[in-house]
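Worksheet for the structure shown next.
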Amino acid sequence: RCLDLPAKGIVLITGPNGSGKSTFIEAVAVAFWGSTLRGMTPWRTNVPGSVEVLTDAFHVRRGVDKAGKSNLVWNEAGKPLARSGKDAKGDTPAKAQAALERCITTQDVWAWSCVLSNLDTSTFSASTDATRRQLLESMMSLASTDEELALLRKELAGWRTELATVEGRRAVLVTRLAAERLRQQEAESYVDSSASINLADLTDQGRRAAEALKAASAAVAAARASIERMGQGIAGLQAQAAAATASASAVEQRYRLCSRAECPTCGQPIGEELARTAGEELSRALRAKQTAAAQLAEERARVTAEQAAKRAELTELVRIEDTRRGELEECRRKYMAAQGEESRRARVAEVKAQAATTIATLELEVAEVDKRLVDLRRFIARDEYVETLLSPKGVRARVLAGTLTSISEVANGWLSKIAGPTFRLGLRPYSDRGNKNSISLDIRGAGGGHGYKASSGGERKRIDLAMMLALGDISRQAHGAKTSTLFFDEAFDSLDVDGRLRCVQVLKELAQDRCVVVVSHDDRLIKALESSCQRVHLE
């Protein structure tokens with residue numbers, strides 16, 4: 001079937017139930033979005049088919065082959081639908097669909113703005129107060145922020161977790177930094193309090209002490225050698241005295257022998273000359289013995305005195321040597337202590353340098369951590385602010401509150417045309433469990449003054465139509481959609497005479513600047529419209 005719609009005016013589609021009146025509306029949904037409004041597949045099993053829609057802006061053709069494989073071809077109006085064997089807007093159905101959806105509104109916005117069915121008319125009016133808010137947020141695409149809000153909260157939780165981690169890391173770094181600064185301070189205090197030691201001076205002192213000890217030891221050795229030489233001199237005199245005594249004894253024995261008349265051995269007589277010679281020799285020997293003894297006594301006395309003096313000097317020299325040795329050992333001890341102190345100073349200086357390096361590194365890390373903390377706190381503040389905007393308590397609530405005023409004004413304009421000036425509609429948000437998440441609907445003048453629920457079926461139908469027309473206008477304006485073909489799918493059936501006449505006037509007013517398609521099998525509505533519309537009857 002092919003349906004050619006004019007730019008403006010009323011097109012009435014009639015026919016019995018099951019003849020396919022609503023199929024034309026579903027054709028638009030399938031062509032542009034690939035799904036029906038009723039949520040069921042439009043294709044018959046194992047039967048190829050296609051739907052093609054041409055508007056003043058787009059030319060779209062979608063279909064399936066016998067195997068059920070889908071295909072989509074589209075282009076701007078007036079341009080070829082395909083080229084070089086490929087789709088004009090994408091060489092696969094998925095790519096073609098993605099390109100098409102970047103140029104058109106969503107199916108929900110189109111359905112709310114352009115399609116009013118018998119089932120949809122009471123969707124808003126008969127809903128619960130909480131459901132009305134969800135419907136309005138869906139129409140205004142405010143509910144589309146729910147996914148972004150969930151992602152934002154997930155990101156916010158990640159920022160907060162990282163903030164806690166970074167704060168913990170900063171606490172550890174600050175503790176380490178304090179410990180390193182204390183270590184550096186202690187090292188500086190030790191270096192400042194310890195006196196500087198000149199090892200060269202100590203080396204010179206040790207060298208001078210060693211030279212003094214060497215000199216003292218040489219003096220001691222010289223004194224001992226002198227005492228030894230004195231002893232050797234006395235020993236020589238003793239040997240000389242002993243030799244003189246021995247010689248005197250030998251001469252004396254000879255003299256006694258010579259003083260006899262004859263030799264006792266051979267019996268020869270001994271002359272006077274020999275005896276006199278022996279006596280002289282004895283005299284000389286005795287004098288030599290006396291001289292040697294006197295020299296020995298004199299030398300012994302002198303050497304004994306010198307030895308006593310030398311031994312006293314030796315004792316002093318030994319004392320001096322011991323003193324010099326003690327001084328040398330003290331110099332060595334001081335030098336070793338100074339070396340140890342210098343080694344400790346060097347180690348402390350190394351600790352100080354290491355602490356300075358570690359402090360510099362830790363300060364850089366703390367600065368980086370502080371910078372990250374600033375960034376994290378800024379991210380958290382930003383996301384918390386955005387969260388208040390995206391959450392139901394934030395800007396959504398303010399936008400929705402402003403939208404309710406606009407909807408009420410527009411709906412009352414339609415309501416006065418459809419139901420009469422005595423009917424007035426009011427929408428307002430109210431708190432439920434602490435959140436403004438519900439919207440109440442008040443209708444003055446309906447149901448004998450008792451509101452929507454007390455209204456008759458005809459009154460409810462008029463109120464529902466006015467509400468849906470208002471919602472369609474607001475949704476279209478909110479999304480910047482152009483005025484387009486408006487579909488009414490059995491939306492006016494079951495109206496009373498007055499309501500039917502008022503709706504016919506509304507349809508004629510709407511058809512002045514757009515095409516209005518009315519699907520109906522109500523003979524009374526058909527009769528009221530047939531003189532001012534283009535009728536398409538299906539069998």
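Some points to look at:
- Any hit, segment 194-204, residues being open to solvent by less than 50 Å² (accessible area, probe 1.4 Å) and either modelled with pLDDT of 85 or more or part of a loop (DSSP other than H, G, I, E, B) (or both): yes
- Any hit, segment 456-469, residues being surrounded by fewer than 20 Cβ atoms within 10 Å (Cβ to Cβ), in contact with a strand residue (DSSP E or B) (Cβ under 6 Å, 6 or more places away or on another chain) and in contact (Cβ under 8 Å) with a residue 40 or more places away in the chain: no
- Answer residue from segment 324-345, given it is without any contact (Cβ under 8 Å) to a residue 40 or more places away in the chain and open to solvent by less than 60 Å² (accessible area, probe 1.4 Å) and is farthest from the chain's Cα centre (by Cα) among those: G326
- Scan of segment 23-44 for residues that are without any contact (Cβ under 8 Å) to a residue 40 or more places away in the chain and open to solvent by 40 Å² or more (accessible area, probe 1.4 Å), ordered by number: T23, R38, G39, M40, T41, P42, W43, R44
- Failed criterion for A349 (all others in (1) at pLDDT below 90; (2) surrounded by fewer than 14 Cβ atoms within 10 Å (Cβ to Cβ) hold): (2)
Residues are listed down the side, and each one gets a yes or a no for (1) open to solvent by less than 70 Å² (accessible area, probe 1.4 Å); (2) modelled with pLDDT of 85 or more:
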{"site": "V115", "(1), (2)": "yes, yes"}
{"site": "T123", "(1), (2)": "yes, no"}
{"site": "T128", "(1), (2)": "no, no"}
{"site": "M140", "(1), (2)": "yes, no"}
{"site": "Q184", "(1), (2)": "yes, yes"}
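- Looking across segment 47-87, the residues that are modelled with pLDDT under 90 and of a type in the set (K, R) come down to K66, K69, K79, R83, K86.
- Candidates A244, A209, filtered to the one that is aliphatic (A, V, I, L, M), at pLDDT 80 or above and either out of contact with any strand residue (DSSP E or B) (no Cβ under 7 Å at 6 or more places or on another chain) or crowded, with 17+ Cβ neighbours inside 10 Å (or both): A209
- Taken over segment 525-539, the residue count meeting the criterion of being buried (at least 16 other Cβ atoms within 10 Å of the Cβ) and within 13 Å of V504 (Cα to Cα) is 5.
- Residue in segment 287-299 that is under 28 Å from V220 (Cα atoms), β-branched (V, I, T), at pLDDT 75 or above and open to solvent by 60 Å² or more (accessible area, probe 1.4 Å) present: no
- The set of residues in segment 7-22 being of a type outside the set (A, V, I, L, M), farther than 18 Å from F492 by Cβ and either within 60 Å of the chain's Cα centre (by Cα) or open to solvent by 50 Å² or more (accessible area, probe 1.4 Å) (or both) consists of K8, G18.
- For segment 3-21, the tally of residues that are of a type in the set (G, A, S) and more than 11 Å from T485 (Cβ to Cβ) stands at 4.
The values are calculated or read from the model by the stated rules, or taken from the named source; none is laboratory data. Keep in mind the model is a prediction, meaning the values are calculated, not measured. Positions of Cβ are generated from backbone atoms using ideal geometry, with glycine treated the same way; all protein chains shown enter the neighbour counts. Protein only, heavy atoms only, side chains kept; ligands, DNA and RNA dropped before computing areas. Shrake-Rupley method; radii C 1.70, N 1.55, O 1.52, S 1.80 Å.
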